[in-house]
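Q: Sharing a structure with you now.
The values are calculated or read from the model by the stated rules, or taken from the named source; none is laboratory data. What you see is a predicted model, and the numbers here were worked out from it, not measured in a lab. Here the Cβ positions follow ideal geometry from the backbone for every residue, glycine too, while neighbour counts run over all protein chains shown. SASA here: full protein model, heavy atoms, side chains in, ligands and nucleic acids out. Shrake-Rupley method; radii C 1.70, N 1.55, O 1.52, S 1.80 Å.
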Amino acid sequence: MAALDGATRGRLLFGGDYNPEQWDRQTWREDVRLMREAGVNLATVGVFSWATLEPRPGARDFGWLDEVLDLLHENGIGVCLATPTASPPPWLGARHPETLPRDENGTVVWYGARNQFCASSPVYREHALGITEALARRYGRHPALRLWHINNEYGTACWCDTTAAHFRTWLRERYGTLEALNEAWGTAFWSQRYDAWEEIIPPRRAQYLRNPAQLLDFRRFTSDALLECFTAERDAVAAHSPEVPVTTNFMPLFAGLDGWRWAAAEDVVSVDLYPEPAAGPEEPGGAAYGALVQDLTRSQARGPWMLMEQAASAVSWREVNQPKPEGLMRLWSLQAVARGADAVCFFQWRQSRQGSEKFHSAMLPHAGERSRTFRQVCELGAELARLAPVTGTEVPAEIAILHDWPAWWAGSQPARPSAAVDYPEILGAWHRALWTGNFACDFAHPEADLGGYRLVVIPQLYLLSDAALDNLVTWVRDGGTLVCGFFTGVADPDDRVREGGMDPRLRRLLGIETVHDWWPLPPGETVRLSDGGTGRLWREDLDLAGAETLAAYAEGELAGRPALTRAGHGAGSAWYVSTLPGHRELAALLAKAAAAAGVAPVLGGLPAGVEAVRRGELLFLLNHGREQVTVPLPDAYRASRDLLTGRVHATEVALGRFGVAALSPTPPTSEGSRT
Ligand code: GLA
C-alpha cells in the first residue's frame, strides 16, 4: 500500500487548494512565482473542477489542466490531484434529477451549491467514475503527481427511493432475515413490525419519534454508501498509479462517517481543521480543540497524517469572522506538526474574487503579496523546511481515549435521559483535561489492541459490543488502569439496553452492584462533591460491590451516594466517574489515575497555556498565551537546539506571544548562540 512518505519524500508538505480555473494564464504564472517564494511544495488541484473538465456529458477538456500540472512541475511544485466528484456540474442534475439527494422530507436538494449527489445513485456513480478514470488515465504517470485526493469532505446523506432500495440491500446483508431485522430493531414496540423487505424505507420524517435502531442503522448505511463511492474512485486511480497514495479529506470530529472504517480504507488520513480563533491561557479553546482533532487524526492514521485544509486567517461561514491575530496561524500549524502532521495545507492558495467563499481568507489574500497574511505564509514555509527532520516520525503515547462513531450516534438519539449531554462536549472535556496536564494521548477503537497503553479512558461510550467489553475486562485484569465516564456500556450494537442498564461485565469491573437511576442535572446546575469538587450534567444512584468511594455527592437527592469510585484488580484498576467534574477536577483526577498507571506528562509544571509535545526526538513547546513565558528545560533537552531558530538553549527557553520552540536534543558542536 502506498503511504504518506511516498508524497513527502523526506520533507513536510506545504501548500493548499489551488483553483486555477478561476483565473487567467497570467495569474497562473504569478501563482507559481509566489508559491516558490512561499516555499509551497504541494498544490491540491481540481477539487471543484468537474464542470470545467467536462462542460457537457462526455465532452472533456483537459488541455488547461495539462498546462497547470506542467507549470507546477516545472516549478518544482508537487500536485495533490483531486477527483472533482463532490460537485457535479449542473447538467448532471438537470438531465438526471435522480442523482440529486432528497432530504428527510423527500424534498429535492438542488444544484447551485455543491455536494448535490445521492451516494446510492448508479447514474451519479457511473459519471463520477467516468471522470475519475479519465483523470487517472491521463495523469496517473504525471511526474508532478504526489497524492490523489478523492472527492471532498464526504458527508451528504440522502433519503430518496434509490437510497431506500440500497438501504434494503444493505440491511439484507446485515440481518439475513426479516425476523432478525425485526428483532434487532425492536419492532414489537409501537406496531412497527415489517412484513416484507419492500416496506422498509430510510427513516424519513414521521409523526413522532422514529425507531432508534433504524436511525442507527441508517447512519451506518449512509457512511458505508459513501465509502463505496470512495473505494470505487480509490481503486480507479490506484489502477493507473499504484505507488501514489490516496486520501480523502475528513471534516474534523464529524458525525457523518464512521471514522475508523474510513481511515482503514485510505493510504493517507487527512483532515480539514478550522478552530475558533480564541486563544490565551484562560480560554485556549481553539488550541484544545485543534489538539483533539490532531490526536484523533493521528490515531486514525496510525502515524503521520495530513492537515489538508486550514484557514490562513478568517473563515467566512461564522456569524462574525475575525482574522487570525499575528502568529496564530503559525502556532496552530506547528501544533499540527508537533502532533504528527507531515503536511500543513490550506483552503486555499489564492483568495477567490467571486463565489460563495470570496471572503474566506487564503494564503495569497485579496490584499496581495505585500499583505500581513502572505508574509506570515512565507515565514511558515521557511520554518517548515527547517523542520524536515521531523517528517515521518511518531508521537509516543501511553494513554488511549476510547472513541467510536456508532456509540456517538446511538447515544445521541432523541428521547434519552438528558438532551443536554453532548458527546463531542464530553469527549472534548476529557481530552482537554489530559491536554492541560500535557499528557500525550491517542484515540483508539474500543475493540483495538490496548497492549501498548498504560491508561485507558472512556469519556463516554453508550454502546459497547461484547468484544469491546471483553477487551476492557482482559486489559484491566492484565494490569491496565481504566477510567470510565458516565452513560457507558448501556446498550449493545442494536441499541438494546443491556441487563441492569449497564452491562454486568462492566459493572463487575467497576465494582458496581446496581445502577438504580441516572439522575441528570439541568444545564447550568452543578452538584457539590465531598472532595470539594463539583459535577454537572449527570449523576447516578449507585450501589457498590467492591469499589471504594473516592468522592460522594455532597448535596441534593443523592447526598452521601458514591460519585467517583475506584475498584482494584491486582495491578490494574477501574475508576468510574458518574458525573462530569469541573475542568480542574477532571484534570486532577486523570493526573492521579495517570500517576497510578505510571504515566508521566510530557513535561510537568509548565506555565499556564504552554503545551509540550514530543515527536520523534523533538520536544515542541507551544505558548498559546499572549504573555512571554520562560520554560525550564528537562535534563534531556539541556543545551538543545531549536530547529526553528538554530539557537541553542542551555537550561531554559523563553517563548513570546504564541511562541514555539522545536528542540532537538543533539546540538551541533560550535554554532548558535546560547541562552
Ligand atoms: C471546507 C471545504 C473547502 C472550503 C473550506 C472553507 O473545508 O473542503 O472547499 O469550503 O471548507 O470554508
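Q: For region 248-273, give me each residue that is within 15 Å of the ligand (Cβ to nearest atom), in contact (Cβ under 8 Å) with a residue 60 or more places away in the chain and either of a type in the set (A, V, I, L, M, F, W, C) or assigned to a loop (DSSP other than H, G, I, E, B) (or both). Reasoning before the result, please.
A: Restricting attention to region 248-273, the residues satisfying the condition of being within 15 Å of the ligand (Cβ to nearest atom) are 248-254, 256-257, 270-273.
Adding the requirement that they be in contact (Cβ under 8 Å) with a residue 60 or more places away in the chain leaves 248-251, 253-254, 256-257, 270, 272-273.
Result: Thr248, Phe250, Met251, Leu253, Phe254, Gly256, Leu257, Leu273.
Q: Could I ask something else about it? Between residues in region 91-119 that are part of a loop (DSSP other than H, G, I, E, B) and residues that are within 16 Å of the ligand (Cβ to nearest atom) and open to solvent by 50 Å² or more (accessible area, probe 1.4 Å), which pairs lie under 7 Å by C-beta distance while being six or more apart or on different chains?
A: Hits for this filter: Arg114/Phe48.
Residues checked against (1) buried (at least 16 other Cβ atoms within 10 Å of the Cβ); (2) in a loop (DSSP other than H, G, I, E, B); (3) of a type in the set (D, E, K, R):
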| site | (1), (2), (3) |
| --- | --- |
| Phe14 | yes, no, no |
| Asp17 | yes, no, yes |
| Trp28 | yes, no, no |
| Glu37 | no, no, yes |
| Val40 | yes, yes, no |
| Leu65 | yes, no, no |
| Val68 | yes, no, no |
| Leu72 | yes, no, no |
| Cys80 | yes, no, no |
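Q: Can you tell me which residues in region 47-63 are away from the ligand (no atom under 16 Å from the Cβ) and either outside any loop (DSSP other than H, G, I, E, B) or on the phi > 0 side of the Ramachandran plot (or both)?
A: Start the filter on region 47-63 by keeping residues that are away from the ligand (no atom under 16 Å from the Cβ), which leaves 53-63.
Listed by number, the residues that qualify are Leu53, Arg56, Gly58, Ala59, Gly63.
Q: Of these, Ala385, Ala397, which one is modelled with pLDDT of 95 or more and in a loop (DSSP other than H, G, I, E, B)?
A: Ala397
Q: A further question follows. Between residues in region 351-366 that are under 20 Å from Met308 (Cα atoms) and within 11 Å of the ligand (Cβ to nearest atom) and residues that are among the aliphatic types (A, V, I, L, M) and part of a loop (DSSP other than H, G, I, E, B), which pairs lie under 7 Å by C-beta distance while being six or more apart or on different chains?
A: Matching pairs, first to second residue: His360/Ala311; His360/Val315; Ser361/Ala311; Ser361/Ala312; Ser361/Ala314; Ala362/Ala312.
Q: Being assigned to a helix (DSSP H, G or I), more than 28 Å from the chain's Cα centre (by Cα) and closer than 28 Å to Ala571 by Cβ, is that true of even one residue in region 478-494?
A: Taking region 478-494 as the starting set, the residues that turn out to be assigned to a helix (DSSP H, G or I) are none.
Among the residues of region 478-494, not one is assigned to a helix (DSSP H, G or I), more than 28 Å from the chain's Cα centre (by Cα) and closer than 28 Å to Ala571 by Cβ, which makes the answer no.
Q: Still on this structure, I have one more. Considering region 127-184 alone, what residues qualify as being polar (S, T, N, Q) and surrounded by fewer than 16 Cβ atoms within 10 Å (Cβ to Cβ)? Even if it seems obvious, please write down each step before you answer.
A: Initially, region 127-184 is screened for residues polar (S, T, N, Q), giving 132, 151-152, 156, 162-163, 169, 177, 182.
If the condition is that a residue be polar (S, T, N, Q) and surrounded by fewer than 16 Cβ atoms within 10 Å (Cβ to Cβ), then Thr169, Thr177 are the ones that fit.
Q: Do we have any residue at all in region 312-321 that's within 16 Å of the ligand (Cβ to nearest atom), of a type in the set (D, E, K, R) and open to solvent by 10 Å² or more (accessible area, probe 1.4 Å)?
A: First pass over region 312-321, keeping only residues within 16 Å of the ligand (Cβ to nearest atom): 312-321.
Now narrow it down to the ones that are of a type in the set (D, E, K, R): 318-319.
Okay, now just the ones that are also open to solvent by 10 Å² or more (accessible area, probe 1.4 Å), so 318-319.
Yes, region 312-321 contains at least one residue that is within 16 Å of the ligand (Cβ to nearest atom), of a type in the set (D, E, K, R) and open to solvent by 10 Å² or more (accessible area, probe 1.4 Å).
Q: Continuing with this model, one more query. Considering each residue of region 324-346, count those that are open to solvent by 20 Å² or more (accessible area, probe 1.4 Å), more than 22 Å from Gly10 (Cα to Cα) and either part of a helix (DSSP H, G or I) or within 15 Å of the ligand (Cβ to nearest atom) (or both), and give that number. Write out each step before concluding.
A: Kept after step one, since they are open to solvent by 20 Å² or more (accessible area, probe 1.4 Å), are these residues of region 324-346: 325-326, 330.
With more than 22 Å from Gly10 (Cα to Cα) added as a condition, the list becomes 325-326.
In the following step, the residues that additionally are either part of a helix (DSSP H, G or I) or within 15 Å of the ligand (Cβ to nearest atom) (or both) were identified as none.
So the answer is 0.
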